[in-house]
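Worksheet: the structure to be examined is printed underneath.
Each value in this text was obtained by applying a stated rule to the coordinates, not by laboratory testing. It should be emphasised that the depicted structure is a prediction, and the values quoted were computed from it without experimental measurement. Methodologically, a virtual Cβ is constructed for each residue, glycine included, from the backbone with ideal geometry; neighbour enumeration extends over all protein chains shown.
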Amino acid sequence: MIAKNDRVICRLGIMPEKTVGGIILADTTQKDGQAKINIGKVVDFGPGMKLLSGEFIQGYDGKRGDIICWEQFGGIAYEVVEKGLVCVRNSDIGCVLEPGEYKDWEFDQAEADKKRNKAHEALTKKPEVMLEPRKQKYQCWNNDCSHKTEVVETAVVEPVCEYCGKEMSEYKGGTVGIVH
């Protein structure tokens, strides 16, 4: 595809699934994997155009590979040629981004799919090592129990004394006195 007049052809940017702070973005912020933010990588641009009055309007003065943003309703999608290509007027371009400002964005669908699949595998992978439950010390507080002073260490959340059948409480330390 060759750009004519003052047009700039861009490959749409594919939005990252997470923000820089690690917040996972909802699917509603994307449409078919494409961001609702108009950001793209310059593929080609025209030299400019001559008006009927004879005045010449300069074309895009950047270079191929620049990452640009354009107005919300600017640009025409040409999915007949290739999905993700957009043609934008030079006058609709708002800014050219610096290299650090788009580091998480992808401009190649295959690379974006590869990155997304890798992240999905990491999320769905089951842990190989099962952690042992944390054990706590418990003690029977039943005054009638003959094993009241014994401290039992177990991972059970609500343990029951095996001698008297009453629920045990978390052991806080110290000595146990019999309450009359």
**Study point:** Gyration tensor verdict on the range 132-173 (Cα atoms; rounded if a/c is under 1.5, prolate if a/b is larger than b/c, oblate otherwise)
**Key:** prolate
Point to revise | Members of K135/K166; K83/K125; K148/K172 lying beyond 22 Å, as alpha-carbon distances in this model show | key: K83/K125
Exercise for review: Please find the FRET efficiency linking D108 to M49, where r is the Cβ-Cβ separation and R0 is fixed at 30 Å, and quote it to the nearest 0.05.
Suggested key: 0.50
